[in-house]
Amino acid sequence: MPHDRSVRREGTYGVTEERPHPVTEAAYASPVPPGTGWPDDPAASDTPVAQRAADVVRLARSATDLHELTARQSVCRACPRLVAWREQVARERRRAYAGEPYWGRPVPGWGDDAPRILIVGLAPAAHGGNRTGRIFTGDRSGDWLFASLHRVGLAASPTSTSAGDDQRLLGVRVVAAVRCAPPANKPLPVERDACFPWLAREVELGAPTVSAVVVLGSYAWDSALRAHAAVGYVVPRPKPKFGHGAEVELPRGVEGERSRGAGTVLLIGSYHPSQQNTFTGKLTETMLDGVFTRAKAYAGL
């Protein structure tokens with residue numbers, strides 16, 4: 001059994017045991033208080049916190065760049081059920097990760113600050129992104145995602161296990177429709193709606209450079225269409241149907257032209273790289289690589 005290097009301290013979330021980060025070996029409480037040095041933590045101790053849905057609207061709209069936006073995302077407390085669940089998971093931890101600290105906060109978007117490709121998923125995994133603080137990092141879905149991105153030249157490494165590792169996304173940014181790990185991986189409609197302004201503003205801030213959007217699963221497909229419509233893209237009616245390899249071009253409308261500059265993005269659907277899909281063969285490596293190859297070509301990367 002490994003030596004227990006945890007330290008008990010009084011902190012933001014009460015008396016907690018601090019555990020060493022797997023990359024930096026610095027000790028952190030679970031959940032991780034903002035501004036304490038966690039790798040790539042965008043927030044500081046004074047980052048404004050959304051306590052309710054109306055705060056999310058205000059803080060998302062007033063964020064002037066991606067760093068400010070992700071900092072505010074990462075400390076959001078607008079959904080009581082999700083806050084309670086993510087922090088419970090962080091305190092209790094899975095046995096396999098008992099010696100590690102858990103992020104236990106909303107998981108912000110990450111990757112290139114001027115992306116050509118945006119990837120939209122559903123939500124962080126309870127023992128993946130909720131543990132590592134980085135979406136798709138440290139879980140089986142991420143193993144598939146990053147391996148595929150690396151094969152097609154969109155990621156520096158085929159694996160991503162922890163924040164602060166050597167992974168870099170090349171012209172790519174990854175976001176989730178819901179930023180907190182939900183119980184049973186099923187956010188409630190009210191939680192989806194409360195989180196929506198974060199996604200819409202991230203889409204808007206990325207609009208000047210993003211050409212292709214890869215959407216993982218039907219839930220994220222609906223959220224991505226809604227977010228693009230909210231910031232001035234023209235979404236066809238009836239709403240385009242999700243499917244693996246489904247494509248739809250979204251031109252920028254008049255309102256979008258006034259606010260962020262004209263352009264068109266290609267929305268591409270992919271089955272989610274969940275174990276249910278990959279174990280059954282519903283999604284294969286070739287299928288996933290094909291989607292990212294298409295996105296890369298469209299984006300001119």
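The values are calculated or read from the model by the stated rules, or taken from the named source; none is laboratory data. Everything quoted here is computed from the prediction, not taken from an experiment. Here Cβ is always computed from backbone atoms with ideal geometry, including for glycine, and neighbour counts include all displayed protein chains.
If I filter segment 11-50 down to residues being modelled with pLDDT of 55 or more and part of a strand (DSSP E or B), which single residue comes out as nearest to the chain's Cα centre (by Cα)?
Looking only at segment 11-50, we keep the residues that are modelled with pLDDT of 55 or more, and these are 16-50.
Filter again for part of a strand (DSSP E or B), leaving 16-20, 27-28.
Working: T16: 26, E17: 27, E18: 25, R19: 24, P20: 24, A27: 24, Y28: 22 Å.
Here the residue is Y28.
Just so you know, in segment 254-283 the residues that are at pLDDT below 95 and charged (D, E, K, R) include one that is nearest to G138 (Cα to Cα), and it is R260. Close Cβ contacts (under 9 Å, 6 or more residues apart or on different chains) running from residues in segment 133-145 that are among the charged types (D, E, K, R) to residues that are buried (at least 24 other Cβ atoms within 10 Å of the Cβ) and in a helix (DSSP H, G or I) comprise R134/G142; D139/G129; D139/R131; D139/T132. Evaluating A220 against the criteria (1) in a helix (DSSP H, G or I); (2) surrounded by 20 or more Cβ atoms within 10 Å (Cβ to Cβ); (3) out of contact with any His (no Cβ under 9 Å at 6 or more places or on another chain) leaves one unmet condition, (3). Return yes or no: is H272 over 30 Å from V89 (Cα atoms) and either in a helix (DSSP H, G or I) or not polar (S, T, N, Q) (or both)? So H272 fails the test. If you go through segment 35-46 and keep only what is under 30 Å from A230 (Cα atoms) and either surrounded by 18 or more Cβ atoms within 10 Å (Cβ to Cβ) or of a type in the set (A, V, I, L, M) (or both), you end up with D41, P42, A43, A44.
So for segment 242-251 (the condition being crowded, with 21+ Cβ neighbours inside 10 Å, touching a helix residue (DSSP H, G or I) at 6+ places or on another chain (Cβ under 9 Å) and of a type in the set (D, E)), does at least one residue qualify? Before you say what the answer is, go through the steps one by one.
First, pick out the residues of segment 242-251 that are crowded, with 21+ Cβ neighbours inside 10 Å: 250.
After this cut, where a residue has to be touching a helix residue (DSSP H, G or I) at 6+ places or on another chain (Cβ under 9 Å) as well, the list is 250.
From what's left, of a type in the set (D, E): none.
No: segment 242-251 contains no residue that is crowded, with 21+ Cβ neighbours inside 10 Å, touching a helix residue (DSSP H, G or I) at 6+ places or on another chain (Cβ under 9 Å) and of a type in the set (D, E).
Of all residues in segment 196-220, those that are under 17 Å from D55 (Cβ atoms) have Cβ atoms under 9 Å from Cβ atoms of residues that are of a type in the set (D, E, K, R) and assigned to a helix (DSSP H, G or I), 6 or more apart or on another chain, in F196/R226; P197/R58; P197/R61; W198/R72; L199/R226; A200/R226; R201/R61. The set of residues in segment 150-177 that are within 19 Å of W221 (Cβ to Cβ) and touching a residue at least 60 places away in the same chain (Cβ under 8 Å) comprises V172, R173, V174, V175, A176.
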